[in-house]
1. Listed residues PHE167, PHE159; which is of a type in the set (Phe, Trp, Tyr), over 18 Å from the mean Cα position of the chain (by Cα), within 16 Å of ligand 2 (Cβ to nearest atom) and assigned to a helix (DSSP H, G or I)?
2. Only residues in the range 118-138 that are more than 23 Å from ARG192 (Cα to Cα) count as the first member; pair them with residues that are away from ligand 2 (no atom under 15 Å from the Cβ) and not aromatic (Phe, Trp, Tyr), Cβ under 6 angstrom, at least 6 apart or cross-chain, and list the lot.
3. Just to be sure I understand, how many residues within the range 215-238 are closer than 19 Å to PHE102 by Cα and out of contact with any Gly (no Cβ under 8 Å at 6 or more places or on another chain)?
4. Among the residues of the range 95-102, are any within 16 Å of ILE332 (Cα to Cα), at pLDDT below 90 and not in a helix (DSSP H, G or I)?
5. Name the helices (runs of 4 or more DSSP H) wholly inside the range 173-273 in which the number of residues that are farther than 27 Å from TYR33 by Cα and basic (Lys, Arg) is 1 or more.
6. Could you please give the count of residues in the range 194-249 that are over 18 Å from ARG150 (Cα atoms), basic (Lys, Arg), within 16 Å of ligand 2 (Cβ to nearest atom) and surrounded by 14 or more Cβ atoms within 10 Å (Cβ to Cβ)?
7. Condition check: in contact (Cβ under 8 Å) with a residue 12 or more places away in the chain, farther than 25 Å from ILE174 by Cα, within 16 Å of ligand 1 (Cβ to nearest atom) and not basic (Lys, Arg). Does PHE229 satisfy that?
8. Can you name every residue in the range 106-135 that is within 16 Å of ligand 2 (Cβ to nearest atom), part of a loop (DSSP other than H, G, I, E, B) and not charged (D, E, K, R)?
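The values are calculated or read from the model by the stated rules, or taken from the named source; none is laboratory data. Bear in mind the structure is a predicted one, so any value in this text is a computation, not a measurement. As a convention, Cβ positions derive from the backbone with ideal geometry for all residues, glycine included, and neighbour counts pool all protein chains shown.
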Amino acid sequence: MITPETSKSNPSIQSQPQPVRSALAWELKKPVYTVIAPLHNEQDGLAELYRRVKLVMDSTGETWELVLVNDGSTDDSPRLMAELHERDDRVRGISLSRNYGFQVAVTAGLDHAQGDAVILIDADLQDPPEVIPEMIAQWRAGHDVVYGVRGEREGETWFKKASASLFYRLIHRITNVNIPVDTGDFRLMDRRVVEAIRAMPERNRFLRGMVSWVGFSQVGVTYTRSPRFAGTTKFTLRKMVRFGLDAVTGFSYFPLQLASFLGFLFASISALAALVVIGLRLFGSNAPLLGQATTLVAVLFLGGIQLICLGIIGEYLGRVYDEVKARPLYLIDRTWGISTPKGA
Ligand code: UDP
Ligand code: MG
């Protein structure tokens, strides 16, 4: 319905070509490379991250941008981001409304990256930026994804190394996609891979799996993972378990199949046991075969198995519920150097 208000706002409609012009300017300024670094309380390493990324990216002789994603930091990181943007407008920043976790922070970065090739890197400098030129060379050679393979890991506990190694091997075994062993999120992705990832709306995101799922030409570059530059790991055991569950449920039905497998196994065992009992009754002694304790243990054991299977179904169901709710993946609090922030 046309009201006097809308006709009054006509002049602003006439000035609409403006966004098109700025879109063109944006297009012209588009850098070749985007480096995305998600960060959660990384104030002590930020300046060093910028220094090293700048050094490496300048050496490529091409245009680049560094997109910092503040994932609900409670320290000085946002102020430092503003300062870096002030100093060098190739540094752009997004502050999420709270801590959403690494996977979502990276997604926010991908949504705002403009480069033809996008590089994901940890803000704690565990992934040395100096490896990026090697990745770029592989990209130039025609590969769409160049992932970092962790050769050696310096300064990590044996527990972390052992659990990570076990995790990658397990995932490799039971998922439908081939996620390369010993890779992290340090990787370069071609624009078409980034667009494919952005088109995947899932709430529980396991990016490494999603990147593998996309396919195209993927190749690894081996590097030595350094110790953290400053601060401590932001991944608690709880976050790691959740991450593992997301990985397994997102890419495999194996746990669900396990439930049917256990069902068949115990049904077969009980059928065999029934035959044995009948045989013993017919041809053997009349004495009761087993005592109360055995019965109790068997009942509790099967009860336990059933609850575990229910729990497995619950893990999938909860994730289905997350998808159905279809909430935005993240909310943005504020940005630096980003003209059109995407909502989700
Ligand atoms: N990180 C994040 N949100 C989180 C947890 C971590 O953005 O909820 C960032 C963190 O600041 C770092 C990167 O993700 O830049 C990797 O995290 P971290 O170094 O703690 O993990 P680790 O290297 O120990 O696996
Ligand atoms: Mg780290």
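1. PHE159
2. GLU130/VAL56
3. Number satisfying all stated conditions: 7.
4. Checked the range 95-102: at least one residue is within 16 Å of ILE332 (Cα to Cα), at pLDDT below 90 and not in a helix (DSSP H, G or I).
5. Fully inside the range 173-273 and qualifying: 237-251.
6. Adding up the residues that qualify gives 1.
7. Yes.
8. ILE121, ALA123, LEU125, GLN126, PRO128
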